[in-house]
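Take a look at the structure below.
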Amino acid sequence: MTDYQQEERIRQGWEARRGEDLQELPVQPPIFEGHPRVARAYSRSILLFALRVMVNGEEEFYAKANEKLREHCEFYDANRDVRDDRDSFYWHIGELCRLIHYFGRKGSRSPGRVSPEAEEAFYRMALSYCHDMSRIADAAWENLATWRIYESENHHIQRDSALWQLMWLLIGRGMGGAVMGDGYSLQTHFAAWTDFFKEWLRERPRRGMLVEVQSRCYGIETLKNIYPLYDFAEDPELARLAGNFITLFWALWAQEQINGNAGGGQSRIYPESSRTTDSDTLHWAWYYAGIGQMHRPDEMDYICLDGTWRMPQILVKMIRETEKRGVYETWMRSPGYAMPDDNYPFYHADPEWGRINRYSYCTPDYILGTQMYRQTSSDHWLLISSQNRMQGVTFGVPDAQILPMPVPGAMHNLHSRIPNITFNAFWSMQREGTLITQRNHDCTDCGRMRVWLSEAGGVDHAEEEGGWLFTRCEGGLCAIRVLRGAFALVPAGEAYAYDPEAPWDAPVCCEHPGHFLICEDPFTPVILETGRLCDYGSEEAFRRAVLALQPKMQDGILHYHSLYGHDFVMNVEQDGEATIDGEEFVRKIPWSFYSPYVRQLWLGGEAVITFDGEELRLAF
């Protein structure tokens, strides 16, 4: 796919909503006890309309767009409890700042499309927010301070990027001398935040990248706030680092997806979201690489559509040429372990040793992946690492997955329909196409072990034989073994009501069609063996190979010689012996991340991307 084709797809994105009238969404009731109302959906509906109207030059809507922009800014100025809460204001600031920069009185594209009244309301709101919310102390970066995280990784970067963008525009307005709430000038604050971001962008690649690793829910929320640093930074080093970070983010995603369906271990992915491979990242990948289906853009997509970053052709090829990537492993030494002074909402990640080896086995037919770590108390993890971890098999068919994860036991917020939160739910061991997992003995808010089998791809058409459950999706094969107690394959979908008193093997309320394999023993280990049809020649040959395997449990220790010839030893009663081929299964690997295609040494200053004889080096 050429650069021209990227531009053409982006043009289609801008045109997709031309002529649509405003569909304004209301401010919502609080989603957490004691919090203010939530204006995120309201803001996004206004920005979706106004940004599209201004970019496309839809003059018939200018008056309405400007009226709503003014009202929007005045709402936040008048409702500062909503403005200062984590769930409303900064989620859309990147889009709003682009509007003012391009279409305000001195706009760089089409000056004057934003009315003076709307622009003045914006600057009043921007100055009051920066005055009240920015503190020089929060922009500290020395002594590994970028690993102190407020609220969550994506919240922290959204807030800090919002401050940087607002200050950038205010300085352009000649307001750099304004005094902020801590007594320093706005110009001094802006310089501090610029230095903070330069260090943040260096540190993440050097030490395992993101805590909210590969999250379908929040990854793009973090990434979209790096794009403005690349597009607008006048500091060339900040712009260079931001561009390299964006490229690296996409490279790590590219190597663990098939047709845009991203696999591997993830954090902070709510259970219902885990059961679909659709994501904002996939929507953006359509514009860059032409995979998946065109998604009619929402306001957040306009960061992608409008941004000046373009995907290098080496990444486009890596995304699209799945067969050429072949079969390989990926490793990441991921952050996630908490320092002793970690205390929500002020997280403090251990920058030296996150205690996680994120591992994936990638083939052209499927990806099997998890995050490997020892059985550890929930108190030892950052909540933003241990919340809603995901693992399992992802196939090349949209939504086709096998996901072994315990039943969630808590509601995320007041609007939740069913329980959708767990912490530190499982621990797992994996090598090549073999995964062994168990509900963690010291988990929080989780129930018995279960395995999701999607209707998509026919994955839930499973057959039992010899204690194993066999299934497939196109050229990918999988066998599942529950080692203790009975299990039931029960239907799931919106046809079933949520009932907390239902028996363990009752049908499950779920937004996506499929089946759950539910285990009677909450702590039973579960084995997944995977293979490729092309390697075995037939499903029957794969079955015979799996049925010959003999897992043995003795005195709470599982001994298992896998389909791939690896010897697993797993203490399933407590944190104890856990080895693969006689070695500790979690260790300080010398890489921040490593695969045949993307690698960077731990604390190294350069990421190297290689594919099909090409190479791209990114300096951090």
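The values are calculated or read from the model by the stated rules, or taken from the named source; none is laboratory data. Just so it is clear, the structure is predicted and the values come from calculations on it, not from any experiment. A quick note on method: Cβ atoms are made from the backbone with ideal geometry, for glycine too, and the neighbour counts reach across all protein chains shown. Keep in mind that these areas ignore ligands, DNA and RNA; they rest on the heavy atoms of the full protein, side chains included. Shrake-Rupley method; radii C 1.70, N 1.55, O 1.52, S 1.80 Å.
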Cβ-Cβ distance below 8 Å, separation of 6 or more or different chains: which pairs start in the stretch 87-106 with a residue that is in contact (Cβ under 8 Å) with a residue 12 or more places away in the chain and open to solvent by 10 Å² or more (accessible area, probe 1.4 Å) and end on one that is hydroxyl-bearing (Ser, Thr, Tyr) and in a helix (DSSP H, G or I)?
Tyr90/Ser161
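Each row is one residue, and each column tells you yes or no for (1) more than 30 Å from Gln438 (Cα to Cα); (2) surrounded by 23 or more Cβ atoms within 10 Å (Cβ to Cβ); (3) acidic (Asp, Glu); (4) at pLDDT below 95.
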| site | (1), (2), (3), (4) |
| --- | --- |
| Trp286 | yes, no, no, yes |
| Arg320 | yes, no, no, no |
| Asn343 | no, no, no, yes |
| Ile356 | no, yes, no, no |
Within the stretch 296-336, how many residues turn out to be more than 18 Å from the chain's Cα centre (by Cα) and either in a helix (DSSP H, G or I) or closer than 30 Å to Lys588 by Cα (or both)?
18
Which of the helices (runs of 4 or more DSSP H) contained wholly in the stretch 85-181 include at least 1 residues that are polar (S, T, N, Q)?
116-133, 153-172
Got a sec? Which strands (runs of 3 or more DSSP E) wholly within the stretch 392-464 have at least 1 residues that are closer than 20 Å to Pro491 by Cβ?
392-395, 401-404, 450-454
Tally time: how many residues in the stretch 408-418 are touching a residue at least 12 places away in the same chain (Cβ under 8 Å) and under 22 Å from Ser279 (Cβ atoms)?
6
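For every residue, the table says whether it meets (1) farther than 26 Å from Cys534 by Cβ; (2) touching a residue at least 40 places away in the same chain (Cβ under 8 Å); (3) of a type in the set (Phe, Trp, Tyr); (4) open to solvent by less than 30 Å² (accessible area, probe 1.4 Å).
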{"site": "Ala400", "(1), (2), (3), (4)": "no, yes, no, yes"}
{"site": "Pro406", "(1), (2), (3), (4)": "yes, yes, no, yes"}
{"site": "Ala425", "(1), (2), (3), (4)": "yes, no, no, yes"}
{"site": "Asp445", "(1), (2), (3), (4)": "yes, no, no, no"}
{"site": "Trp468", "(1), (2), (3), (4)": "no, yes, yes, yes"}
{"site": "Thr471", "(1), (2), (3), (4)": "no, yes, no, yes"}
{"site": "Trp504", "(1), (2), (3), (4)": "yes, yes, yes, no"}
Elements of type strands (runs of 3 or more DSSP E) contained in the stretch 560-620, each with 2 or more residues being open to solvent by less than 10 Å² (accessible area, probe 1.4 Å) and not aromatic (Phe, Trp, Tyr):
578-580, 598-601, 606-611
Determine, yes or no, whether Ile46 is of a type outside the set (Asp, Glu), touching a Lys or Arg at 6+ places or on another chain (Cβ under 8 Å) and touching a residue at least 12 places away in the same chain (Cβ under 8 Å).
yes
Regarding the stretch 136-147, can at least one residue be identified that is open to solvent by less than 20 Å² (accessible area, probe 1.4 Å), touching a Cys at 6+ places or on another chain (Cβ under 6 Å), farther than 19 Å from Ala233 by Cβ and of a type outside the set (Asp, Glu)?
no
Considering (1) hydrophobic (A, V, I, L, M, F, W, C); (2) within 30 Å of Ala242 (Cα to Cα); (3) open to solvent by 60 Å² or more (accessible area, probe 1.4 Å), say which one Ala548 fails and leave the rest.
(2)
Within the stretch 238-257, is there a residue that is open to solvent by less than 20 Å² (accessible area, probe 1.4 Å), in contact with a strand residue (DSSP E or B) (Cβ under 8 Å, 6 or more places away or on another chain) and under 24 Å from Phe49 (Cβ atoms)?
no
